[in-house]
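The values are calculated or read from the model by the stated rules, or taken from the named source; none is laboratory data. The structure displayed is predicted, hence computed values, not measured ones. Cβ coordinates were reconstructed from backbone atoms using ideal geometry, including for glycine residues, and neighbour counts include every protein chain displayed. For accessibility, only protein heavy atoms count, side chains too; no ligands or nucleic acids. Shrake-Rupley method; radii C 1.70, N 1.55, O 1.52, S 1.80 Å.
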Amino acid sequence: MVCESWKERLDTYVDGELPQGEMRTFDAHVSSCPSCSANVLSRLQLKRAIHLAGKRFTPSAEFRSRMQQSIASKPRRVFRLGWMLAAAVVLVVGILTSTYLGNRSGRDQVFSEIADLHVATLASSSPVDVVSTDRHTVKPWFQGKIPFAFNLPELQNTEFSLLGGRMTYLEQTPGAHLIYDVRKHHISVFIFQERSLAAKLTDRSLKPGNLSFNMQTWTQGGLRYFVIGDASTADIDNLAKLFQAAS
Amino acid sequence: MDASGANLQLDSFEELAIPLFDQLYNFAHWLTQNRDEAEDLVQETYVKALKGFSSFQLGTNFRAWIYRILRNTFLTSRKGLKVTMTVPLDFDDEEEGEESAIERDTPEALLLARSSHALLQKAIDELPVHFREVLLLCEVEEMSYQEISDTLAVPIGTVMSRLSRARRTLRSQLRPHLQQEAGLRIAKGTNHGL
Ligand SMILES: [Zn+2]
């Protein structure tokens, strides 16, 4: 059976480490084979669970400041830009977190999680795993990493630019996270399989509370899209429309 | 090297090394399984990395380089030596065990609820150190096979076989709990076709 030969390479496939040609062939097989797609999904879920469970230990505040001092006490620098940036990010994240933690309730949990993902990604030192402004580079990068395919809009003659993408998870469901720039604002676009999320989404749960982001969400072709950012409502809507037209 | 050169070097060390502080600590704690030892290990890693920084080639993979220092420091510590003494010399030659029919044919949905975090952490903790480290580098640090191979100083083939054995061990540890949980979900009618 064809599957037998694939099964040995499942791990390599879900790690996105098969040669590109094989990745594509495997993609095609997975989308038509229930047994392999179930297998891929369960492995992706385990990967995600380990990813979360593995981030387990945080350094104590005391140890952190001790280390900071010991490194900072080395020959003086004129500008401590790295630290200042880090401190600024911590501050901003702190403020944002408290803003929406304060508003959080079961009702807007999905929205909050999307907002969390957006903020946490932008605050991280490497927000995107595939750095490219070219949708023809970004799209294939996701092949084999997530269990579905999607289209990215053409951005010529628009004010949007693509920064790159990364894999993401919402409630252990794997999806794509794309980051766009418009007028110095970052906008995140999240794409998941609707059927994997359906149980968690109700119309009520999708209503953003009184928060500092604008968001659009819709389903199309079995996929659930979220567009979120601190850009204007008009910009968020326009990017949403570009996606709707491309799909 | 003049003073400004030293400053430049420190700048880039700081810029490269500081963002990794939390991750290195997490990895160190997983290896040592103890907070004090993890702190010592991270501190020693930074000291060694700073000293050896002139030998680090800018533009090559700093993350793999500093993780390698941390890991080598651990393996040569008293605890590390004790741990590795229990690893058989032919650790990597072991035949790929035949996966059971159950494992091959029924890919149970690994629906790990948040409550099973602790369960998973315990299972990871109990993995032999060579499995634990490769799994954490792959899943938590999201390193490529090549980076892991650089970090652990083993061939990519070894990375792959350790990874797959680590996952298999983990899955077989978790399976009883998972099936139970899947059963619960079905019973509650919350299974939505995953
Ligand atoms: Zn198949």
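With respect to A:L41, is the statement that it is surrounded by 17 or more Cβ atoms within 10 Å (Cβ to Cβ), away from the ligand (no atom under 14 Å from the Cβ) and within 7 Å of another protein chain (Cβ to nearest Cβ) true?
In short, no.
Where in the range A:1-65 are the helices (runs of 4 or more DSSP H), entirely inside, with at least 1 residues that are without any contact (Cβ under 8 Å) to a residue 40 or more places away in the chain and farther than 21 Å from A:Y169 by Cβ?
A:2-7, A:20-32, A:34-54
Check the range B:28-45 and report whether any residue there is over 18 Å from the mean Cα position of the chain (by Cα), more than 21 Å from A:Q68 (Cβ to Cβ) and of a type outside the set (F, W, Y). Reasoning before the result, please.
In the first step, residues of the range B:28-45 are kept if they are over 18 Å from the mean Cα position of the chain (by Cα); the result is B:36, B:40, B:43-44.
So of that shortlist, the ones also more than 21 Å from A:Q68 (Cβ to Cβ) come out as none.
Checked the range B:28-45: no residue is over 18 Å from the mean Cα position of the chain (by Cα), more than 21 Å from A:Q68 (Cβ to Cβ) and of a type outside the set (F, W, Y).
Filter the range A:18-38 for residues that are within 12 Å of the ligand (Cβ to nearest atom) and exposed (fewer than 15 other Cβ atoms within 10 Å of the Cβ) and give the result.
Of everything in the range A:18-38, those that are within 12 Å of the ligand (Cβ to nearest atom) and exposed (fewer than 15 other Cβ atoms within 10 Å of the Cβ) turn out to be A:T25, A:A28, A:S31, A:S32, A:P34.
What residue, among those in the range A:153-190 that are open to solvent by less than 10 Å² (accessible area, probe 1.4 Å) and in contact with a Lys or Arg (Cβ under 7 Å, 6 or more places away or on another chain), is nearest to A:V227 (Cα to Cα)?
The extreme case among them is A:H177.
Applying the selection to the range B:148-161, what residues are more than 16 Å from B:N72 (Cβ to Cβ) and buried (at least 17 other Cβ atoms within 10 Å of the Cβ)?
From the range B:148-161, those more than 16 Å from B:N72 (Cβ to Cβ) are B:155-161; that's our starting set.
Correct list: B:T158, B:V159, B:M160, B:S161.
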